[in-house]
Amino acid sequence: MSRPGREPGSAVQSLRLKLVVFALVCALPLFGSLLLGLRAVSWVPLTAYGLVSMVAFLLYWSDKRKARTDAWRTPENVLHAVELAGGWPGALLAQQVFRHKTRKVSFQVVFWFIVLLHQVFWIDQLFLGSSLLMLF
């Protein structure tokens with residue numbers, strides 16, 4: 001039995017769409033990080049994405065639990081700092097798994113800007129020879 005207002009199978013389609021979006025936004029950072037490691041430059045980016053994503057996922061889980069019990073919450077700037085440090089893949093997963101911070105537009109704008117920054121960084125690294133970073 002489906003929920004009112006939803007067509008049968010729409011949840012599965014939504015899950016597929018979310019998985020496709022997740023795969024697309026993770027493709028460049030994953031490829032770039034793997035390439036750096038395989039070229040013996042550094043495994044730090046790949047390791048950092050994994051570890052900081054786990055931290056982000058746990059922070060979102062904890063914040064969601066605190067929100068339900070009216071306890072002291074994790075400040076949004078802390079969540080964003082962890083996302084910026086490479087935890088945005090874990091944060092994106094946590095947002096969907098816990099349905100947390102998905103409706104607050106101001107939060108989502110900052111979150112997706114952080115994701116965009118990571119995409120631009122890897123486009124610069126992989127295709128532009130770090131020319132954008134040279135400007136700064």
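Distance between the modelled labels on VAL41 and ALA71, one decimal in nanometres: 4.2 nm (7 Å Cα→Cβ projection). Spin-label pair VAL78-MET54: with each label point 7 Å from Cα along the Cα-Cβ axis, the two points sit 2.0 nm from one another. The Rg/Rh ratio for the stretch 10-135 is 1.01, where Rg is the radius of gyration of the alpha carbons and Rh is the Kirkwood radius.
Normalised by the number of residues in the stretch 10-135, the average gap of Cα pairs under 8 Å and 6 or more apart makes the relative contact order 26 percent.
For LYS66, the lysines whose Cα comes closer than 18 Å to its Cα, not counting residues fewer than 8 places off in the same chain, are LYS101, LYS104.
Each residue of the stretch 26-40 was assigned a 3J(HN,Hα) from its phi angle through the Karplus curve 6.51 cos²θ - 1.76 cosθ + 1.60 (θ = phi - 60°); the sequence is 8, 4, 4, x, 5, 4, x, 5, 4, 4, 4, x, 5, 7, 6 Hz, with glycine and proline shown as x. Rounded to whole numbers, the Karplus 3J(HN,Hα) couplings from phi for the stretch 48-59 are 5, 4, x, 5, 5, 5, 5, 4, 4, 4, 5, 5 Hz, using 6.51 cos²θ - 1.76 cosθ + 1.60 with θ = phi - 60°, and x at Gly and Pro.
The label-point distance for VAL21 and GLN96, in a model that sets each label 7 Å from Cα toward Cβ, rounds to 0.8 nm.
Quick note: the coordinates plus some simple rules give every number you see, no bench work behind them. From a predicted model like this one, the values you see are computed outputs, not experimental measurements. FYI the Cβ positions are ideal-geometry reconstructions off the backbone, even for glycines, and counts take in every protein chain you see.
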